[in-house]
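Peer 1: Quick one: the structure is below, and I'll ask about it shortly.
The values are calculated or read from the model by the stated rules, or taken from the named source; none is laboratory data. Bear in mind the structure is a predicted one, so any value in this text is a computation, not a measurement. Cβ sites come from the backbone with ideal geometry, for glycine too, and all protein chains shown count toward neighbours. Accessible surface is based on the protein model in full, side chains and every heavy atom, while ligands, DNA and RNA are left aside. Shrake-Rupley method; radii C 1.70, N 1.55, O 1.52, S 1.80 Å.
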Amino acid sequence: MQTRPLMTLQLRTAPTQETGEGPHGKQVTFPITGGTFEGQRLRGEVLPGGNDWTVKRADGVLELDLRITLKTDDGALIHMTFEGIRDDDAENGPYFRTLPRFETADPKYAFLNRLLAVGSGEIRAGSPVHEIEELL
């Protein structure tokens, strides 16, 4: 499988909101307060108001469900979502992988509507950072 870099996404979050143990696991929401993204074909800011809804399963793995709005440096809005998992106790070290998807009405960034991507992430200085690759 071949990929090429699409962007680095850095998120800022507010304190978590823990709604407790449900039938599927412990529900924790990470409100998104902002951030940045940058790649060869697009760059800009993450608008406040998104969230990363997570479920911590009985085996310790976090299931991720992120929904945010990106605003490019030239004013285009892009809806971004991803699902993924985070396993801090993985056999080969922390594992943080996502499947991003994008949607926009802006013709300049219409290529995002048709691509598939994968991401890997880590926590740096208290903030999630995702390296997102376009699948070719």
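Peer 1: Rounded to the nearest 10 Å², what accessible area does Ser120 have for a 1.4 Å probe in the complete protein model?
Peer 2: Counting only protein heavy atoms, Ser120 exposes about 40 Å² to solvent.
Peer 1: Could you grab the relative contact order for the chain? Cα pairs under 8 Å, six or more apart, rounded to a whole percent. Could you put the intermediate results ahead of the total?
Peer 2: Values: 354 pairs, mean separation 30.2, N = 136.
About 22 percent, as a whole number.
Peer 1: Could I ask something else about it? Per the 1.4 Å probe, what fraction of the accessible area of the range 1-126, in percent, lies on carbon and sulfur atoms?
Peer 2: 48 percent
Peer 1: Starting from 0.36 nm per residue, how many nanometres of slack lie between Leu77 and Ala58 once their C-alpha separation is accounted for?
Peer 2: That pair, Leu77 and Ala58, stretches by 3.1 nm at full extension.
Peer 1: The range 1-119: D in µm²/s via Stokes-Einstein (Kirkwood Rh, Cα pairs, 37 °C, 0.692 mPa s)? Don't skip to the answer; put the middle values down first.
Peer 2: Working: Rh = 15.3 Å.
So the translational diffusion coefficient is about 214 µm²/s.
Peer 1: Taking only protein heavy atoms into account and a 1.4 Å probe, give the accessible area per residue of the chain in Å².
Peer 2: Counting only protein heavy atoms, the per-residue value for the chain is 58 Å².
Peer 1: Next question. If R₀ is 25 angstrom, what is the calculated FRET efficiency for the pair Leu116 and Asp88, using the beta carbon separation as r and rounding to 0.05?
Peer 2: About 0.40, to the nearest 0.05.
Peer 1: Would you mind calculating the gained length between Thr3 and Thr29 on full extension (0.36 nm times residue separation, minus the Cα-Cα distance), in nm to one decimal?
Peer 2: Contour length minus the Cα-Cα distance gives 6.3 nm.
Peer 1: Based on alpha-carbon centroids, what's the gap between the range 79-134 and the range 30-48 in Å, whole number please?
Peer 2: Using only Cα atoms to place each centre, the spacing works out to 12 Å.
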